[in-house]
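The values are calculated or read from the model by the stated rules, or taken from the named source; none is laboratory data. Bear in mind the structure is a predicted one, so any value in this text is a computation, not a measurement. As a convention, Cβ positions derive from the backbone with ideal geometry for all residues, glycine included, and neighbour counts pool all protein chains shown. Side chains are part of the model used for accessible areas, which takes the heavy atoms of the whole protein and leaves out ligands, DNA and RNA. Shrake-Rupley method; radii C 1.70, N 1.55, O 1.52, S 1.80 Å.
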Amino acid sequence: MKKSIYSGLKKSWKKSLSMGLVLCVLGMSAAGCGKTAETTETAGTTGTDVQVSEESGKEKITIALQANSFITDYDDNYLTKKLEEEMGVDIEIYQLPADSNEMKTKISLMVSGGEELPDVFCTYGIPQELILDYGSKGAFISLNDYLDNPETAPNFNAIPEEEKQAILDTITSADGNIYSLAKYEPQSWNLTPYRMYINQAWLDKLGLDMPETTDELHEVLKAFVNNDPNGNGVKDEIGVYGLAAGGYGENITVALMNSFIFYNGGLSLAEDGKTVIAPYATEEWKKGLAYMAGLYSEGLLSASIFTDDSTQFKAVLNNEAANLVGVVSAGSTSNWADANTNPNFLEMELLSPLQGPDGIAYTPYTPYNSEPTWYITSSCKNPELAVKMGDLFFRQDISMTARYGEEGVDWSMEDDVLSKYTTPYIDMGIFDKVTAVDLSNLWAQNNNKSWHNIGPRYASLTFTDGVALGTEDYNPELKTEQLKAQNYLKYQSAHPEHVLSGYKYTLEETERITEAATNIPDFVKQSVAEFVTGARSLEDWDQYLEELNNMGLQEYIECTQAAYDRLNK
């Protein structure tokens, strides 16, 4: 039977929870939460009084998993049974809420209540500040010594050094402790979601070349808007379109700004690769705003970028009477219905990052950060066992099972199988060979074979991009498949050498910057809309900078600099 870890929460928690819940929303929790322990290092490390299953007599380990609608059974489950067999234990699964916010609140309730916790929390989405808070109060134990020991964590220590260090950078908290194992599986498609598309059919009709600079794009857009390239006799062409409120590469203003200064949504690094800066408080940012304001004033950039919602965005892209869009930014091809047969999408081609007046041609690249997922609690009587089970996920066969299902049925790495398949990455000479074949696309099906990739995992970018889909309906010649390789060639390296990533704030720093980190991004987004549309003049630039400083920008930069310096010691 699947159990709910939160079914037995006691009413006695209620008096002490209000502050903890408020801070949980802010990415922190109340001081004093968690089970009492002498120190973080010694909590839960005795290895005595282990739990034993009444049915089998084997040692029992309890794992709290975030529920997933695709998994029909966690007990009668191929991965669960494989782990039990490998480790010689019984696994008892408790389900946490599927909704991420409810899950985080539930864990906060459990930790704050001081109740007996499961041996392991196996879930994503706990903010770094909460991880640090739970760890410093003893609810999550430190794993440093276990991971340093190749006998306890042989598979983690077998990961190539550069990638292992990347994982360690992500999971090491500001206090130097490691409170979780993590999933590491970068995929090039997801690192550069701000993909710009241009209407190749319109370029061909008007006899225009693919633009390579912001000035060339300006000339192309004037031709698009004024020369009726969609041929319907109506001046309805939209030069530049996007969705400022979009969440996955749809904000075209962010994509265009990277022709003037690198910006991936937050603070960044100066050219020296060491100094933290706010790109939205630089002269380069001002130049980018002036460029987009110029496009807007000429009717080449649509004001609806700042007002449309997702439904309206898709309606414009999928307009049946005529294709309306010249240039657009979109992370997912699903914005176009049935993209591979959609006439509007088939007219579009991937546009390389445009070179700006100072020679910059970046995309809002975001470095991959591994996802903490396997937390061992102070209630665990045998933490070494829990570490060894988590480490097992880094072994290739278990890693593949966790993601794809049953070996030989749902996936294969046998040479005679691999030789039958290809991918656009291979066809375009990016990679040498297929690394694995996904035989069933179990990911999109209800099943009882995996945990839907919830848990630690290791797969390099080359390995992940090299997986071929082996289902009958897969066609590597489809445009959406070809785009993956084109995206790699045009976008993967279009970023500065040093990109700000992997740093962690202390609890004190988090308290200092919470308001600024919450309010400044919204203010910047609003200001972009105002400057571009003329609602605010660029002559107000100094006032804009003053407003940023009044919102705590300098303290935000100072704390981030301290956090980044700690990472690089």
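Couple of notes before you dig in:
- Unique residue being more than 19 Å from LEU548 (Cα to Cα) and open to solvent by less than 20 Å² (accessible area, probe 1.4 Å) when the list is ALA278, ALA244: ALA244
- Pick from region 425-438, criterion of a type outside the set (Val, Ile, Thr), touching a residue at least 12 places away in the same chain (Cβ under 8 Å) and surrounded by fewer than 21 Cβ atoms within 10 Å (Cβ to Cβ), ranking: nearest to TYR78 (Cα to Cα): LYS433
- Those residues of region 527-553 which are surrounded by fewer than 18 Cβ atoms within 10 Å (Cβ to Cβ), polar (S, T, N, Q) and within 20 Å of SER268 (Cβ to Cβ), in sequence order: ASN549
- Taken residue by residue, region 400-407 has at least one member that is part of a strand (DSSP E or B), out of contact with any Phe, Trp or Tyr (no Cβ under 8 Å at 6 or more places or on another chain) and farther than 30 Å from GLU212 by Cβ.
- SER399 surrounded by fewer than 24 Cβ atoms within 10 Å (Cβ to Cβ) and in contact with a strand residue (DSSP E or B) (Cβ under 7 Å, 6 or more places away or on another chain): yes
- Test set (1) over 26 Å from the mean Cα position of the chain (by Cα); (2) open to solvent by less than 10 Å² (accessible area, probe 1.4 Å); (3) of a type outside the set (Ser, Thr, Tyr) - VAL417 fails condition number: (2)
- Here the condition is being small (Gly, Ala, Ser), at pLDDT 95 or above and either closer than 30 Å to THR518 by Cβ or assigned to a loop (DSSP other than H, G, I, E, B) (or both); of ALA43, ALA98, ALA64, it holds for ALA64 alone.
- In a residue-by-residue description of region 245-263, the property of being assigned to a helix (DSSP H, G or I), in contact (Cβ under 8 Å) with a residue 12 or more places away in the chain and in contact with an Asp or Glu (Cβ under 7 Å, 6 or more places away or on another chain) applies to no position.
- Single unsatisfied condition, ILE131 versus (1) open to solvent by 20 Å² or more (accessible area, probe 1.4 Å); (2) assigned to a helix (DSSP H, G or I); (3) out of contact with any Leu (no Cβ under 8 Å at 6 or more places or on another chain): (1)
- Helices (runs of 4 or more DSSP H) (entirely within region 135-212) containing at least 2 residues that are acidic (Asp, Glu), open to solvent by 40 Å² or more (accessible area, probe 1.4 Å) and out of contact with any strand residue (DSSP E or B) (no Cβ under 6 Å at 6 or more places or on another chain): 144-148, 161-171
- Residue tally, condition crowded, with 17+ Cβ neighbours inside 10 Å and either out of contact with any helix residue (DSSP H, G or I) (no Cβ under 8 Å at 6 or more places or on another chain) or of a type in the set (A, V, I, L, M, F, W, C) (or both), over region 315-349: 13
- Test: residue in region 272-285 that is outside any loop (DSSP other than H, G, I, E, B) and closer than 19 Å to VAL220 by Cα: no
- Any hit, region 260-274, residues being under 18 Å from TYR362 (Cα atoms), touching a strand residue (DSSP E or B) at 6+ places or on another chain (Cβ under 6 Å), surrounded by fewer than 19 Cβ atoms within 10 Å (Cβ to Cβ) and modelled with pLDDT of 95 or more: yes
- Search result, residues across region 439-487 that are farther than 20 Å from GLY408 by Cβ, among the small types (Gly, Ala, Ser) and open to solvent by less than 20 Å² (accessible area, probe 1.4 Å): GLY455, ALA485
- Pairing each residue of region 506-523 that is farther than 12 Å from ASN549 by Cα and without any contact (Cβ under 8 Å) to a residue 24 or more places away in the chain with any residue that is assigned to a helix (DSSP H, G or I) and not basic (Lys, Arg), provided the two are 6+ apart or on different chains, yields no C-beta distance under 6 Å.
- Among residues of region 58-84 that are farther than 15 Å from VAL387 by Cα and free of Cβ contacts under 8 Å to residues at least 24 places away in the same chain, none has a Cβ under 8 angstrom from a residue that is open to solvent by 50 Å² or more (accessible area, probe 1.4 Å) and of a type in the set (Ser, Thr, Tyr) at a sequence gap of 6+ or on a separate chain.
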